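Read the structure below first, then the notes.
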Amino acid sequence: MSARAWVERAIVPETKKNKPTLYAHLPEDQDVAERWLRQVLGTRVRLSPVQRDGVTAWELSARHMLTLTGELAYAYDAAEMRVEFVPTSACTDRCKNAKIPVWECVCRCAGEYHGGRGSRVSWYPTQPPTPFSHNERTQTDQLIITAGQLAAVKKIPRPAA
């Protein structure tokens with residue numbers, strides 16, 4: 001795994017109806033990382049430390065994906081954003097007319113046409129995504145988000161030990 005900060009929007013098992021969740025990793029001590037995440041997302045946000053890809057990551061709601069990625073890119077100059085989707089799931093009228101937030105979109109467009117508002121391209125205006133992983137059911141694209149590509153409202157600097 002990379003020494004850089006990353007977020008991964010992953011699809012949880014079928015028992016939760018393909019509902020996405022978010023994992024975040026900061027290349028810092030666990031206590032330092034938790035303090036920084038709470039500064040960015042608020043003290044009431046539910047954070048659960050988990051082991052993911054051989055490192056400690058934080059599990060949290062997928063609704064924080066864009067906010068957190070923007071802040072990580074600001075703090076670390078760049079962050080990896082991984083977006084898991086179902087490659088066999090065609091973008092249908094259900095997606096194009098969706099009322100659910102874009103971070104919950106799991107179809108092939110991975111949010112590009114979601115709700116007719118298509119904002120995914122603004123996540124990576126300088127390069128296309130690269131495949132990160134693929135299994136029999138899902139695919140994960142990796143994007144490198146640099147400072148300024150996504151809004152960083154709070155602009156919290158990289159955490160100090």
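Taken together, the values in this text are just the output of simple stated rules run on the coordinates, not laboratory data. A quick note: this is a predicted structure, and the numbers were derived from the prediction, not measured. We place every Cβ from the backbone using ideal geometry, glycine too, and count neighbours over all the protein chains shown.
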*Between Gln30 and Arg63, take the C-beta separation as r, use R0 = 30 Å, and let me know the FRET efficiency to the nearest 0.05.*
0.85
*How far apart, in nm, are two points set 7 Å out from the Cα along the Cα-to-Cβ line at Val55 and at Ala78?*
1.4 nm
*Evaluate the distance, in nm, between pseudo-label points positioned 7 Å from the Cα of Ala147 and of Arg38 along their respective Cα→Cβ axes.*
2.6 nm
*Test item: Cα-centred dipole of segment 17-64, Lys/Arg +1 and Asp/Glu -1 on Cβ, debye*: 440 debye
*Could you work out the mean projected area of the convex hull around the alpha carbons of segment 1-87, in square nanometres to one decimal?*
5.9 nm²
_Label zone at Lys154 (point 7 Å along Cα-to-Cβ), backbone N below 15 Å, segment 29-56_ = 32-48
